[in-house]
Amino acid sequence: MSKIILILGAGKNVGLSIANLFSTHGYKIALASRSGAPLGEGKGFLSIKADFTDPKSMEGVFERVKRELGVPNVIVFNAYQSTFNPSPFSLPLSTFSSGVAISITSAFAALKYAIEGFDTLPADVNKTFIYTGNKLNVEPWPQLLDLGVGKAAGAHMVVAAAKGYGGSGYRFYYADERKADGDPVGTQINGENHAQFFWKLASAAEQGPCLATFVVSEFVDFGGL
């Protein structure tokens, strides 16, 4: 049985927390980041340097994971660009373009190669793609235009993937951590909360709501808001 997770955009908070938890459940871990710096020292995690501004590089990341570990059955897309700018449309075009490349086009490529991999795995293997989101897909914040556009597109692609491939038993989620009142957590992102919730998504028997809003580590339905 394939138990391999690929975390794209892995850092010391969310990415490493997910890796640590999944490894306790017997998963092999592949971590792709801009620096390629090793995380989880001594744990045998595969670290890969990835340029998320170049969507074509995603194919090489998936090929290396397949070659060294096998085909991943869980993929987490955690890469993003966030540029605070009080005047949203004064953002340099080059900055906006790199944000689109990271959060949208590289995410599209990751979904494409994830699904191609899922197609090769046995039917009894859980196959899950999770896009790490936030509330910007439903509540735009002008000062974070590049981040918000990326998250909105990410949510759209996740829902499209679920509708297009759900019949094959593949699962797709846009995971959005919230405060108890439904407000965004902002910069207070809790890696352990993400890890616990992502494990529940990846190990569930069936597809849950694609727009997976959660508080601490439990799904909470905020009515699409």
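Using +1 at the Cβ of each Lys and Arg and -1 at the Cβ of each Asp and Glu in the chain, identify which of 147, 129, 35 lies farthest towards the dipole's positive end.
35
Counting DSSP beta bridges with both partners in the chain, what percentage is antiparallel, nearest 5?
Antiparallel bridges: around 10 percent, rounded to the nearest 5.
Which of the peptides 49-60, 114-125 is most tightly packed, and how do the rest follow, going by the mean number of other Cβ atoms within 10 Å of each residue?
Going by the mean number of other Cβ atoms within 10 Å, highest first, we get 49-60, 114-125.
Relative contact order (percent) for region 68-225, with alpha-carbon contacts under 8 angstrom and 6 or more residues of separation?
Reported relative contact order: 25 percent.
Return a whole-number percent for the relative contact order of region 18-133, with Cα pairs under 8 Å and 6 or more residues apart as the contact set.
In percent, rounded to a whole number, it is 27.
Sort 194, 156 so the one with the fewest other Cβ atoms within 10 Å of its own Cβ comes first.
Numbers: 194 24, 156 13.
Lowest count first: 156, 194.
Arranged by the count of other C-beta atoms within 10 angstrom, fewest first, what order do 141, 199 take?
Ranked by crowding around the Cβ, least crowded first: 141, 199.
Roughly how many whole Å is it from the C-alpha centroid of region 65-133 to that of region 173-214?
Using only Cα atoms, the two centres lie 17 Å from each other.
Return the Cα extents of region 67-122 along principal axes one, two and three, sorted largest first, each rounded to a whole Å.
Principal extents (Cα only, largest first): 50, 16, 14 Å.
Quickly work out the residue 139-to-residue 57 label distance, labels modelled 7 Å from Cα along the C-beta direction, and quote it in nm with one decimal.
3.3 nm
Taking amide H positions as placed in the peptide plane 1.01 Å from N, state which residues far from residue 128 in sequence (5 or more) or on other chains have amide H under 5 Å from it.
Close amide H contacts, sequence-distant or interchain: 74, 75, 171.
Can you sort 105, 187 by how many other beta carbons sit within 10 Å, fewest first? List each step's numbers first, then the result.
Values: 105 19, 187 6.
Ordered by Cβ neighbours within 10 Å, fewest first: 187, 105.
Coordinate-derived values only; no laboratory data. Because the structure is predicted, anything quoted here is derived from the model rather than measured. Using ideal geometry, Cβ is built from the backbone for each residue, glycine included, and neighbour counts are taken over all protein chains shown.
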